[in-house]
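These notes concern the structure reproduced below.
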Amino acid sequence: MPSVFIKTYGCQMNERDSEAVAAQLVAKGYSLAKSEAVADVVLLNTCSVRDMAERKALNKMANMIGIAKKERPNQVFGFMGCMAQSRGQELVDKLPDVDLVVGTQKFHRTADYLDEILAGRREKIVDTAAEEKSEAAIREHLLNGSAQKSVSAFVSIMQGCNQYCTFCIVPYTRGEERSRTIPDIVAECRDLVSRGVKEITLLGQIVTSYGKKEKREEWRINGASASAPGAPKRSEGGSTLDPRPSTPLSPFVQLIEAVHEIDGLDRIRFTSPHPKGYGDDLVEAYARLPKLCESAHIPVQSGSDRLLKIMHRGYTRERFLGIIEKLRRAKPGIGISTDIIVGFPGETEEDFEQTLSLAREVEFDQAYIFKYSPRRDTPAADMPDQLSTPVKEERNERLLRLVNEIAARNYEKLVGTQVQILVEGPSKKNPARMMGRTRCNKIVVFDGSDRHRGQIMDVKITRAGSFTLYGDPAILE
Ligand code: 5AD
């Protein structure tokens, strides 16, 4: 059977989609190649969020095709994902040697399409159509693909986005919000746990919108509803801390509760929530549900109310700060990370200073900073006052410096403390050492061996590096 190499650009959703496609291909008998140089089929799973990501994938494809013409004339090439969705046929017009283009609702068709192309039944396939229930088609896992993945797994709970932020291409590449049902997601999680997974991260473009549009009965587990008396039993140790709130729970919190019930699962995370949907029920869930790790990645994008409005974010700076304050009250020490865009059209020095002051106020543990990149068909791309590259770069630098300074100071404060980690596998930078993650989502590297993998253990932090902690389990004895 042929071998496949998949290269992934972009977010965790893309990583997860690639993993599911790889698992589907393996189930059909394909093998996974170590690199494009030894693969019969090369698939690029693309990202459109910024121009740079698109250009990287296009250049990569053009390069590979150039080499294949000389060295591997039968190699098959495909684009998948967001850029495949937004550009479709245009990709084949531009690069006629590309054989396959599969959009974001067609990942699960990739294996069948490759069969057809490899068997010579079809020469070229471009499929970017919408497909009902495709949100539930990302479910296969490659658990022994890498050490990391078998301890911690990602589960796609929904697809699409209805927020239409003015800078963002995602609603156009991923389509309308569609959520899987709770029983379907729980079944996938249970299967993962039975195969040794200890930590599950629930994934979606905006997880706080999970199930908001779907109001069907099948959504409820065991016929239990959020407000029903005699709510389903809490899991072991579930919640002696706080009673369940009397207000109705959002579908997302109901989902977290249902996943929380799974015996053998130690940790739950999710990404990404939207500040607009970050209700008190979700804040309270951290205090109530012990498996829910105290860490939150909440994209803020800007600290300026004026810009938040033009970005169509649907919250104010004050609302965002309020969420952070409530989270810290519920779980002191909770890890908080964010995404920030600098150089949005019309961003003034004052707007930018608002972002700097927000970063000072919140003290993010980590912030991913993006220079605004105009995306086609998005409203912001046509706004006046597009900023120059040097201005964007300068603001990017200034914010990065601030975020790094604050994070370094706070990481340093953890030296000498004892933290609980879940050991994922060998450290990427130094495979002779092991790495785990704290509940607050900080990486801890320590001297260990494969027997530690999958274990929850306490370590004492001995040193802090750049966004990495170093620990020593031995000190505990
Ligand atoms: N330019 C720069 N950054 C962007 N993001 C989304 N769209 C753009 C864009 N046009 C960033 C946001 C988002 C993250 C995934 O990518 O910060 O949260």
(message) Of everything in the range 316-371, what is acidic (Asp, Glu) and within 16 Å of the ligand (Cβ to nearest atom)? Give them in sequence order.
(response) Asp339, Glu347, Asp351
(message) For the structure I just gave you, tell me whether Thr166 is farther than 23 Å from Gly88 by Cβ, within 16 Å of the ligand (Cβ to nearest atom), more than 18 Å from the chain's Cα centre (by Cα) and not charged (D, E, K, R).
(response) yes
(request) Identify all residues within the range 278-290 that are out of contact with any Gly (no Cβ under 9 Å at 6 or more places or on another chain) and not β-branched (Val, Ile, Thr); write none if there are none. (result) Tyr278, Gly279, Asp280, Asp281, Leu282, Glu284, Ala285, Tyr286, Ala287
(request) Provide a single number: the residues in the range 400-434 that are in a loop (DSSP other than H, G, I, E, B) and of a type outside the set (Val, Ile, Thr). (result) 10
(request) Could you please tell me which pairs satisfy a Cβ distance under 9 Å, a separation of 6+ or placement on different chains, a first residue in the range 307-335 that is of a type in the set (Ser, Thr, Tyr), and a second residue that is modelled with pLDDT of 95 or more and in a loop (DSSP other than H, G, I, E, B)? (result) Tyr315/His274; Tyr315/Tyr278; Tyr315/Val300
(message) Can you list residue pairs whose Cβ atoms sit under 9 Å apart, with the first residue in the range 47-69 being free of Cβ contacts under 8 Å to residues at least 40 places away in the same chain and closer than 28 Å to Ala381 by Cβ and the second being part of a helix (DSSP H, G or I) and basic (Lys, Arg)? Count only pairs 6 or more apart in sequence or on different chains.
(response) Cys47/Lys56; Glu54/Arg87; Leu58/Lys94; Ala62/Lys94
(message) Going by what's in this entry, would Ser179 be described as more than 16 Å from the ligand (Cβ to nearest atom), among the small types (Gly, Ala, Ser) and surrounded by fewer than 20 Cβ atoms within 10 Å (Cβ to Cβ)?
(response) no
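Go over the candidates Phe320, Phe364, Phe352 one by one and state the one that is assigned to a helix (DSSP H, G or I) and over 22 Å from Met52 (Cβ atoms).
Every option except Phe320 fails the conditions.
Table: residues versus (1) surrounded by fewer than 15 Cβ atoms within 10 Å (Cβ to Cβ); (2) modelled with pLDDT of 95 or more.
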| position | (1), (2) |
| --- | --- |
| Ala187 | yes, yes |
| Thr201 | no, yes |
| Gly204 | no, yes |
| Val207 | no, yes |
| Gly211 | no, yes |
| Gly223 | yes, no |
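The values are calculated or read from the model by the stated rules, or taken from the named source; none is laboratory data. Small disclaimer: the values here were computed from a predicted structure and weren't measured. Neighbour counts are summed over all protein chains in view; Cβ atoms, including those assigned to glycine, are modelled from backbone coordinates with ideal geometry.
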